Amino acid sequence: MSSTALKPLRVRASLVRYKQQARDLISEYRARNPEAMRCIRQHHPRLPGRANTNDRNPVTDDDIRKAKVTLTDAQSVVARWHGFESWSKLAKHIEALTRKGSRVLQFELAVEAIITGDVATLKSLLRENPELAVARSTREHQATLLHYVGANGVEGYRQKTPKNAVKVAEILLRAGAEVDADLDYGTAGRKRYPERLGSTTLGLVATSFHPAVTGVQIALLEKLLEAGAAVNGVPEGWNPVIAALHNGRGDAAEFLARRGARLDLEGAAGTGRLDVVKGFFKQNGNLKANATRRQMELGVMWACEYGRTGVVAFLLQKGMRVGAQPHGETALHWAAYGGHSDIVKLLLKQKAPLEIKDQRYGATPLGWALHGWCYPPPEAKRARHYEVIALLVAGGAKVALDGNLRRSQIQKLPGASRILALLGSEKSRK
């Protein structure tokens, strides 16, 4: 059952509609709707932790039931889900929309034009009010219009990339949009989201799934760099290359590396720059002072995920432990997920452990290979996983489909019979 309590409302929706969403959320909470519980877990104001778009906080369903969800709590969840710090700030936003000549309304309409690719409406709004190009949202992130092109860091339901996103970005940049503006968040928001310092549009695009799926990610990055975007992001902010690697966007990371982005050992390994990787080692094989063991271990993870075979082979020679879990997973997990059979063979020769479970999902490398086949990232090809799955099963991996990935999920997808045949080629080993 999917959640119906929280969904986007039209720009001019009244506060009454949001109040109804809060009441509906309580009803779905009482019915234990999993989507409603997920929203509450992320945004409940009285639970430990903070709102987290990746749902990685430690709050359990039992914690939520113990805390309970009052109407005030539900209203706070609704407000936060829509990008506001509190119910009172959501109410002020709605009131501002009703004022004559409201700039808040113009901004919101411009956002809708951006995420749907309605360039005619966007141009019209910018002509009517040129200041919109540098204006900021009244929502907690205080994004500019250009940030919405990044389809990241803003309210989740507005993270969309139209096929003409490059044209949209071009219109905003010509209108005077600041290419390296950072998401603001304000003082309170910065305390809640310290890792988001440096969220320029380039960084948002480089780490976002949506422009990659639409096929315009690299073109958008090109356009932003042409407009003067800093390839390394803002000083002391996040590193776009590293952030892209951590967010599954290997192509974007590699592109930024080719365009002169600063590379540490982790970034060089993840983007396949073996020449740079070698430069972090002394002649005796030890790391130089400008590199760390953790950078090497993380770099191997990304090299495995993105198919940097030469880098993986080199770092294995330098003593990389195949059972290390610097990010919660082993190198074999990532190679299996990415569908890189050459790297899987390398790791198996090094006696990479087959039954180590990752620290977040509790899945083995075979489970990750199956997940990568079922839900491949936009840059990957599902066909690559057949050989990987065969290698893992032949190597002795236990076949178990009653955990994170069920047989019923596999059967729904094209090529399922081939996968099931591979899994059935050897019995589960106790």
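Of note:
- Global form of region 32-153, assessed from the alpha-carbon gyration tensor, a/c cut-off 1.5: prolate
- In this structure the amide hydrogen of Phe281, modeled in the peptide plane, comes within under 5 Å of the amide hydrogens of Lys288, none closer than 5 places in sequence on its chain.
- Amide H contacts under 5 Å for Glu85: Glu140, restricted to partners 5 or more places along the chain or on a different chain, H placed in the peptide plane at 1.01 Å from N.
- Cα centroid separation, region 122-161 to region 222-262 (Å): 21 Å
- Extent along the principal axes, Cα only, for region 99-248: 43, 35, 27 Å, with the longest axis given first.
- Note on Ala219 and Ala394: their simple-model spin labels are 4.1 nm apart, each label 7 Å out from Cα toward Cβ.
- Sorting Cys374, Cys304 by the number of Cβ atoms found within 10 Å of their own Cβ, with the fewest placed first, yields Cys374, Cys304.
- Violating pairs (Cα-Cα greater than 31 angstrom) within the set Lys68/Lys160; Lys100/Lys223; Lys282/Lys398; Lys7/Lys92: Lys68/Lys160; Lys100/Lys223; Lys282/Lys398
- Ellipticity estimate at 222 nm from DSSP helix runs (n ≥ 4, -39,500 (n - 2.57)) divided over the chain, nearest 500: -14500 deg cm²/dmol
- Around Ala324: net Lys/Arg minus Asp/Glu count, Cβ-Cβ under 11 Å: +1
- Note on Val119 and Ala383: the extension gain reaches 91.3 nm, defined as 0.36 nm multiplied by sequence separation minus the Cα-Cα distance.
- With K and R counted +1 and D and E -1, the other residues having a Cβ less than 12 Å from that of Arg10 yield a net charge of +1.
- Going from the residue with the fewest nearby Cβ atoms within 10 Å to the one with the most, Phe314, Phe107 rank Phe314, Phe107.
- Around Phe255: net Lys/Arg minus Asp/Glu count, Cβ-Cβ under 12 Å: -1
- Added length on full extension, which subtracts the Cα-Cα distance from 0.36 nm per residue, Arg10 to Arg407: 138.9 nm
Here, each number is a calculation from the coordinates, and none is a lab measurement. For clarity, every value in this text was computed on a predicted model and none was experimentally measured. All Cβ positions, glycine included, derive from the backbone under ideal geometry; neighbour counts span all protein chains shown.
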